[in-house]
Amino acid sequence: MKSFKHFFPLFLTLIIFISCRQQQSTEIKQDDIAAIGMKWELVSNFSEPVQTYTARIQLINKNEQALTDKNWAIFFSIAPSPVASPDSPQPATLEHLNGDWYKLSPNAGFSLPAGDSIDILYKATEGRIKETDQPLGIYIVFYDAGGKEERIARIEDYTLIPFTRREQLLRGTADLEAPASAAKTYQENASLSVLNPDQLLPIIPTPAHFSKANGHFTLDGNAIHYTSSLKNEAGILSAKLKEITGKDFAVSEGKAESKGIYLSVDPSAFKEQKAESYRLTINEEGIVITGIDAAGAFYGIQSLLALIPSQVYLDKSTAVHIPFVTIDDAPRFGFRSLHLDVCRNFQEKETIFRVLDVMAQYKLNHFLLYTSEDEGWRVEIPGLPELTEVGAQRKHVSSINVPALHPAYGSGPFAYDKNDHGSGYYTRKDFIEILKYAKDRHIKVIPELNFPGHARAAIKSMEARYQRLMKEGKEAEANEYRLIDPEDKSVYLSAQMFKDNVVNVSRESTYRFYEKVVDEFAKMYEEAGLKMDVFHAGGDEVAEGAWTQSPEALELLSKHPEIKDPKNLQAYFFGELLKRMEKRNLEIHGWEEVALIKDATGKYIPNPEFANKNVVSYIWNNLFDYPDLGYRLANAGYKVVLCNVSNFYFDLAYSNDPKEPGLYWAGFIDTRNAWTFAPYNMFNTTLKGSMGNELFWDSPSSKWESIKPEARKNIIGVEAQLWSETIKGRDMLEYYMLPKLIGFAESAWSPERKWETQSNRELRLKNINEGWNRFANTIAQKEFPRLAHTNNGYAYRVPPAGVIIEKGQAKANVALPGIRIHYTTDGTEPTQQSALYNGPVPATGTLQFKTFDAAGKAGRTVVQEGSPKQKLN
């Protein structure tokens, strides 16, 4: 991993970094902070035309040189959408540059002397309701009389005007969600109730077969014995038990002893030969974990740890009594995956280790590590130093045409600056360590190189390489890995609003680059003691219009008239890539587009060319255009991983509250959504659209295609997604991930739940509510204490209280029963020493409610002004 803000001592790279900064400083003066203030206010999401918002920027010249109509521009990142024309002339104009990078420039006659302020209105499409939508990474560039950049400075005096009005809380006229409020939260929690400890689930994820007997076994430094193949697993168990109890548990190879713990692998002990199966037996003689394989034994260990009472995590002096149980268990799906994007915003290697630990705790076994994107390249590749020297850092650039990455997602003007999550990468050594760490926890890491779209970081890196080698007179070498047609004049805009992120699929150098990267990844796997047999090719969201004005692409089309249209060059690319990957004995995974082709009308249809081949398609779209796409592809013979956006996109915000961070283009996703999933009857659990509209796709008259019985085997598993556009650092990552990951684990591992197949909607919802109440109680009362003390604590989300006023009384509840609510009546911030909420309180004065879990971790404070008007701090 490479991250200068933590002073990683890589001398050579440090010299390169210093050299680049010194070279840059000779050209442009870089100040720390400008004497400019800025305020941003979302005025309304109900502007005209429909689906347009209006925002106000106020600039304050505190003590800076006078700003004229020629000597400045302000740059920042903001949730991307096309800029619309303002209703009236403005003193400055907002311009979209690329991706989420925008520029505010003065119009003729602009003047802002020191001590003055000025307001600028602008309009853009799509409503904005989140604080994470605001301008980020704001900086100003000053220009000399000739228009040359002469100074760059951050703007740190910045104020966000809070979202409080209806026109700020809803996305526009089409938004059917109720505006965010504590009362709305209260109503959403109304069906929940607190359960007693004996009513909770014994283990999450729920095992296939569980029986409990009278009595308990005491864990007190007992010896751990194991068969020869389980040394790694025994060592992990010993370390975890010491972390939890503070006591040593000796480990040795050999047969079980009385009152000890014995780990073994014995396939003959299992009637059904299903990978990862295990049996856990706890009685007066001791603890025996038998796996059908090493992974099964490892998951038996996770179940043993899950049986340790939560009080032990809160107090290590507590005696560890584990009930006598027999568990026979096996996973529902062999593919249980988490995807993590470290490109939009970088995460350090140690954070990856923490993610892998919690994945193992909840029995997930695949990790799709997203290491290349438009906004960053994150793994060192020998022989291609520009991939990390250029592609792993973001900074101010004079134009999107230069071979460098511009700022994104608030990374600001300077690479490796303070609080910069835009720059950084994993060295080969780092990546090999990640592979080994995952391997020890029975997790397969799948790397991804996303082509032909989402490729800007690679493109810019290879352009920097091209220019360097051309200056050295090495033209052939310069073109060896070049990814573009230099004469391409195609105009397009990607889903994330990039204008230059698609590689040229007609150049052999593009395929040569891909093979080079894949081969270098394979070497890293080999050094980690693994064989890389799966690679993810990405393949999603290639913008309409790509290649249409590329001479090289048009020449390819003339040679292959069967392709018919530039839009089908994506399928051509994947076919050519697949030939090369098959020679390396790789199973190729990709987003849903790799299995699709566009017909004459531009509509996506299953592509029969790659069906029944070594191709796995990941399906996210279950809401828009083709909600039955996963079933259609499985029915057509494709192996499919379901990544349903309405259930498993963890980067979507928990709720529509403005202070709740995250995206919401497909609605809002909480832990219940991840838990409420029927993989073979997904329309039974897809009940709300992206704008809050109720869906009835579970009705017999639904037009969508269902999964055929013989095609069920083609759904090989499920995957949760963590895209990182709005995620800054480890704590935000864990907040987004937990507790959603716990609900996902239940959907991935546990047996089919009875409500999954119930056709009666009313009965199904009743059973879902009952099951969710038990699951939610278990999270609050059992899982949170574990997470609070594992790895020194995870930054999981404790939900805020719901509050409503009825007949002069304030009532409060919480989304995860078992979490305590404390309150004050004098306007002060509640603590755990404040009054404990046990029932309605008089709604007078300023009431504040704050949630706390058993470990003392708190949620956000809810302020209630003694009237129906509520707001969240």
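The values are calculated or read from the model by the stated rules, or taken from the named source; none is laboratory data. Since we're looking at a predicted model, the values are computed, not measured. We place every Cβ from the backbone using ideal geometry, glycine too, and count neighbours over all the protein chains shown. Heavy atoms of the whole protein, side chains included, go into the accessibility calculation; ligands, DNA and RNA do not. Shrake-Rupley method; radii C 1.70, N 1.55, O 1.52, S 1.80 Å.
Note that the stretch 400-441 shows a convex hull volume over its alpha carbon atoms of 120 Å³ per residue. Taking the protein heavy atoms of the stretch 542-622 in the context of the full set of protein chains, the accessible area attributed to carbon and sulfur is 51 percent at 1.4 Å. One equal scatterer on each Cα of the stretch 453-576, no solvent, Debye formula: the resulting log10 I(q)/I(0) at q = 0.17 Å⁻¹ is -0.94. Taking Cα centre as origin and charging only the Cβ of basic (Lys, Arg, +1) and acidic (Asp, Glu, -1) residues, the dipole magnitude of the stretch 601-756 rounds to 360 debye. Taking all protein chains together and a 1.4 Å probe, the residues Val542, Val718, Val288 rank Val288, Val542, Val718 from largest to smallest accessible area. Please work out the C-alpha center-to-center distance from the stretch 369-410 to the stretch 484-498 and express it in whole Å. Computed from Cα coordinates, the inter-centre distance equals 17 Å.
Selection among Pro382, Ile400, Gly412 by position relative to the dipole of the stretch 372-415 gives Gly412 as farthest towards the positive end (Cβ unit charges, Cα centre). For the stretch 520-563 versus the stretch 689-767, the spacing of their alpha-carbon centroids is 30 Å. Once C-alpha pairs closer than 8 Å and six or more residues apart are averaged by separation and normalised to the residue number of the chain, the relative contact order reads 12 percent. Checked against a 30 Å cut-off, the cross-linked pairs Lys688/Lys754; Lys460/Lys579; Lys242/Lys728; Lys639/Lys728; Lys436/Lys659; Lys274/Lys728 give Cα-Cα distances beyond that limit for Lys242/Lys728; Lys639/Lys728; Lys436/Lys659; Lys274/Lys728. Relative to one another, the C-alpha centroids of the stretch 92-123 and the stretch 646-673 are positioned 32 Å apart. Along its first, second and third principal axes, ordered by size, the stretch 43-185 spans 54, 28, 27 Å in Cα coordinates.
Considering helices alone, the calculated mean residue ellipticity of the chain at 222 nm is -7000 deg cm²/dmol, with DSSP H runs of length four and up weighted by -39500 (n - 2.57) and normalised per residue.
Provide Rg over Rh for the stretch 599-639; use the alpha carbon set for both Rg and the Kirkwood Rh (inverse mean inverse pair distance).
Details: Rg = 10.5 Å, Rh = 10.9 Å.
Radius of gyration over Kirkwood radius for the stretch 599-639 works out to 0.96.
Projecting the Cα atoms of Gln833, Val862, Gly818 onto the dipole axis of the stretch 754-873, where Lys and Arg carry +1 and Asp and Glu carry -1 at the beta carbon, places Gly818 farthest toward the positive end. Summing Cβ point charges (Lys, Arg +1; Asp, Glu -1) relative to the Cα centre of the chain gives a dipole of roughly 1380 debye. When the Cα positions of Met462, Trp755, Ser558 are compared along the charge dipole of the chain, Trp755 comes out farthest toward the positive end, with charges on each C-beta of Lys, Arg, Asp and Glu. Over 28 Å apart at the Cα level, from the set Lys349/Lys583; Lys212/Lys857; Lys316/Lys766; Lys740/Lys811; Lys70/Lys395; Lys349/Lys567, are Lys349/Lys583; Lys212/Lys857; Lys316/Lys766; Lys349/Lys567.
When only alpha carbons of the stretch 483-544 are considered, Rg and Dmax amount to 15.2, 46 Å.
Averaging over all projection directions, the Cα-based convex hull of the stretch 126-194 occupies 8.4 nm² in the image plane.
Could you work out the mean projected area of the convex hull around the alpha carbons of the stretch 277-359, in square nanometres to one decimal? Intermediate results must be reported in sequence, preceding the final value.
Values: hull surface 31.2 nm².
For the stretch 277-359, averaging the hull's shadow over all directions gives 7.8 nm².
Among 483-492, 66-75, sorting by the average number of other beta carbon atoms lying within 10 angstrom of each residue, highest first, gives 66-75, 483-492. Put simply, when 38-44, 757-763, 798-804, 355-361 are sorted by average Cβ atoms within 10 angstrom per residue, most first, you get 798-804, 355-361, 38-44, 757-763.
Taking the DSSP beta bridges with both ends in the chain, the antiparallel portion is around 60 percent. No solvent, one uniform scatterer per C-alpha: report log10 I(q)/I(0) for the stretch 641-774 via the Debye equation at q = 0.17, 0.20 1/Å, two decimals. Relative scattering, expressed as log10 I(q)/I(0), comes to -0.96, -1.27.
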